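Asks: One structure follows; several queries about it will come next.
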Amino acid sequence: MSAAAPSYRVWALPGMPEVRAGDDLAKLIAATEPGLADGDVLLVTSKIVSKAEGRIVEATDREAAIDAETVRVVARRGALRIVENRQGLVMAAAGVDASNTPAGTVLLLPEDPDASARAIREGLRAALGVEVGVVVTDTFGRPWRNGLTDVAIGAAGVRVLDDLRGGTDAYGNPLSATVVATADELASAGDLVKGKADGLPVAVVRGLGHVVDPADAQGARAMVRVAADDMFRLGTSEAVREAVTQRRTVREFTDDPVDPGAVRRAVAAAVTAPAPHHTAPWRFVLLESSESRTRLLDAMRDAWIADLRRDGKSEESIAKRVRRGDVLRRAPYLVVPCMVMDGSHTYGDERRDGAEREMFVVAAGAGIQNFLVALAGERLGSAWVSSTMFCRDVVREVLALPEAWEPLGAVAVGRAVAAPGPRVGRDAEDFLVVR
């Protein structure tokens, strides 16, 4: 006789009264005579949790309330804001809700949804003697998908994530990236029967006792991606600002190899910079082998030492300077940006010819800035060092570059050993002149 197919049942609890500040939700739920059994999962809409916890605030201006609950703006389009709120959730309007609450007030999310879920679970155990899981739910939109669904923002006694990595599928293929968001799936199932406007804020799921774990203390907070793993952390304009502000000069690199594809994507960003006369004054020499890097840096070091000796520097001073300049040797990848004057105009007088060259230098610098910012977007550190500009002939000879290519320093590329420190504060107003 074959085993019964897996199944579960989900239903909304009738009889919940209007919730007010100070109410004990566990007692209100128990009073509906819900018939709960060990292994059930209770799905509780965050709105009634917020009301019971007194998270209703006077707010004639909802935008001000959103500001107060926001720790980071992810994206903005007109009045709509996607933000990270105080609970670490990325969502529209920080979860501030002006519906189903008295005029002139707004409803904030629970201060600590996991703690709220624990309190309800413990209260039901005390009142009814049952071991259930509790999930606090809220409605979310999702990237790339139309429509809303409920997700878990708080949980207690529930395995919120089911990590299947290390197992195999029905064909014996290894599962290397499968982590199921069990708590979110439960929240969505409950939303199908609770409804948005039916006055049914609590639902029960029965038949999935394997997801209930009284010892599980992770909570829904475990479902929020940490910033380092979040590929979708920023909106478009915010991503540009973040890459610009996070770009730092990195002088200590790990031994991790650099993905050549990431560097090429950064070059693709570099060549979108503005340039005079519809020209393309940028060239990027990628030193991907340790042999090519060593050969260039040895030749540059010898040329630098010769210059310092001609300047009358002592051998001790020369040695110190050379050691300080070793940032390029510590990097696993080097790039030599160059400028070419192809397409430039010749006017025949010093003033205009000088301005023409300056235009190309500025355009080349804009390209290099694009390159550095794009590297930061790829999570690669960089240091733009001017050294190749002082020995251009040596660089051209070692790298077999055309005579018309003018090296504009070298860019050390790699993964930073440590996170950069805080940037020196600069007030933009100090750099402005308004006429």
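Asks: For segment 238-333, what is the Kirkwood estimate of the hydrodynamic radius, computed as the reciprocal of the mean inverse distance between distinct Cα atoms, to one decimal in Å? Let's see the in-between values first.
Replies: Values: mean 1/r = 0.0602 Å⁻¹.
Evaluated on segment 238-333, it is 16.6 Å.
Asks: Averaged per residue, what accessible surface does the chain expose to a 1.4 Å probe, in Å²?
Replies: 56 Å²
Asks: GNM on the chain, C-alpha springs below 10 Å: top fluctuator among Ser317, Ser50, Ser382?
Replies: Maximum among the listed residues: Ser317.
Asks: I need the peptides 29-41, 359-371 ranked by packing, meaning the mean over residues of other C-beta atoms within 10 angstrom, with the highest value on top.
Replies: Working: 29-41: 17.3, 359-371: 19.4.
Ranking the peptides 29-41, 359-371 by packing returns 359-371, 29-41.
Asks: Provide the FRET efficiency to the nearest 0.05 for the Arg76-Thr245 pair, computing r from the beta carbons and using R0 = 22 Å.
Replies: Working: r = 17 Å, r/R0 = 0.76.
So, using R0 = 22 Å, E works out to roughly 0.85.
Asks: Which value, in Å³ per residue, describes the convex hull spanned by the Cα atoms of segment 98-166? Can you show the working numbers first?
Replies: Numbers: hull volume 10.8 nm³, N = 69.
So the per-residue hull volume is 156 Å³.
Asks: Now for a separate question. How many angstrom lie between the Cα centre of segment 132-192 and the Cα centre of segment 46-113?
Replies: 24 Å
Asks: Sticking with this one: Given 10 °C and 1.306 mPa s, how large is the Stokes-Einstein diffusion coefficient of segment 1-155 in µm²/s, with Rh as the Kirkwood radius over Cα pairs?
Replies: My calculation gives 93 µm²/s for D.
Asks: May I pose another question? For His278 and Val193, what does the FRET efficiency come to when R0 = 60 Å and r is the distance between their Cβ atoms, rounded to the nearest 0.05?
Replies: Working: r = 62 Å, r/R0 = 1.04.
The pair His278/Val193 has a calculated efficiency of 0.45.
Asks: Right, next: Kindly count the pairs of lysines across the chain whose alpha carbons are less than 22 Å apart, treating pairs on different chains or eight or more residues apart as eligible. Display every interim value, and only then the final one.
Replies: Numbers: Lys27/Lys47; Lys27/Lys51; Lys27/Lys194; Lys47/Lys194; Lys47/Lys196; Lys51/Lys194; Lys51/Lys196.
Counting lysine pairs in the chain gives 7.
Asks: Only one of the values [x] 1.06; [y] 0.97; [z] 1.38 was calculated from this structure for Cα Rg over 2.2 N^0.38 Å; name its label.
Replies: Computing Cα Rg over 2.2 N^0.38 Å and matching it to [x] 1.06; [y] 0.97; [z] 1.38 gives [z].
Asks: Of Lys47, Lys27, which has the most accessible area and how do the rest follow, probe 1.4 Å? Kindly include the intermediate steps, with their values, before the conclusion.
Replies: Working: Lys47 45, Lys27 140 Å².
Ranked from most to least accessible, the order is Lys27, Lys47.
Asks: Still on this structure, please answer the following. On the first, second and third principal axes, largest extent first, how far apart are the outermost C-alpha atoms of segment 70-113 in Å?
Replies: 29, 28, 11
Asks: To the nearest Å, what is the center-to-center distance of segment 368-393 and segment 195-235, using C-alpha atoms only?
Replies: Between the Cα centres of segment 368-393 and segment 195-235 lies a distance of 43 Å.
Asks: Three principal axis extents, largest first, for the C-alpha atoms of segment 142-205, in Å?
Replies: The Cα atoms of segment 142-205 stretch 46, 31, 20 Å along their principal axes.
Asks: First compute the accessible area of the chain with a 1.4 Å probe, then give the percent of it belonging to carbon and sulfur atoms. Kindly include the intermediate steps, with their values, before the conclusion.
Replies: Details: 12840 of 24240 Å².
Answer for the chain: carbon and sulfur cover 53 percent of the accessible area.
Asks: Could you sort 416-426, 271-281, 336-346, 140-150 so that the peptide with the highest average Cβ count within 10 Å comes first and the rest follow in order? Walk me through the intermediate numbers first.
Replies: On the way: 416-426: 9.0, 271-281: 14.6, 336-346: 16.8, 140-150: 11.4.
Top to bottom by mean Cβ count within 10 Å: 336-346, 271-281, 140-150, 416-426.
Asks: Obtain the nm distance between the two label points defined at Asp24 and Arg330 by a simple spin-label model: each point lies 7 Å from its Cα along the Cα-to-C-beta direction.
Replies: My value for the distance between the label points is 6.2 nm.
The values are calculated or read from the model by the stated rules, or taken from the named source; none is laboratory data. This structure is a prediction, so every number in the text was calculated from the model and none was measured. No Cβ is skipped: glycine too gets one built from the backbone with ideal geometry, and neighbour counts run over all protein chains shown. With ligands, DNA and RNA removed, areas are computed over all heavy atoms of the protein, side chains included. Shrake-Rupley method; radii C 1.70, N 1.55, O 1.52, S 1.80 Å.
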